[in-house]
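Have a look at the structure below, then the notes.
FYI, it's all coordinate maths here, none of it is from the lab. Every value quoted in this text rests on a predicted model; they were computed, and no experiment measured them.
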Amino acid sequence: MTIEHDELLLVANVVNEPGFEIFESMLKKKFKGHNSLERITGNAFADGVEKGTAFAYAEIINEIGDLRKQVDKIRRD
């Protein structure tokens, strides 16, 4: 996902705040609590991808990490 430079500067003000790091930590704890085959129902591997709540939490955590990488890149440039 690519965000315009000006928008990324606004995002940088949010993702680097201590309160946001607390929120991210909460997401990671929830992810660990759901990252188990016991939590999956139905035919979760039908298309070769583990689906469900754990996948959704992982995607959110990955997006936050990607935003931080983009912010770091513009600060270096």
Phi angles of the range 6-11, converted by Karplus (6.51 cos²θ - 1.76 cosθ + 1.60, θ = phi - 60°) into ³J(HN,Hα) in whole Hz with x for Gly and Pro, give 5, 5, 5, 5, 5, 4
Gained length - ILE22 relative to ILE74, 0.36 nm times residue gap less alpha-carbon distance: 16.3 nm
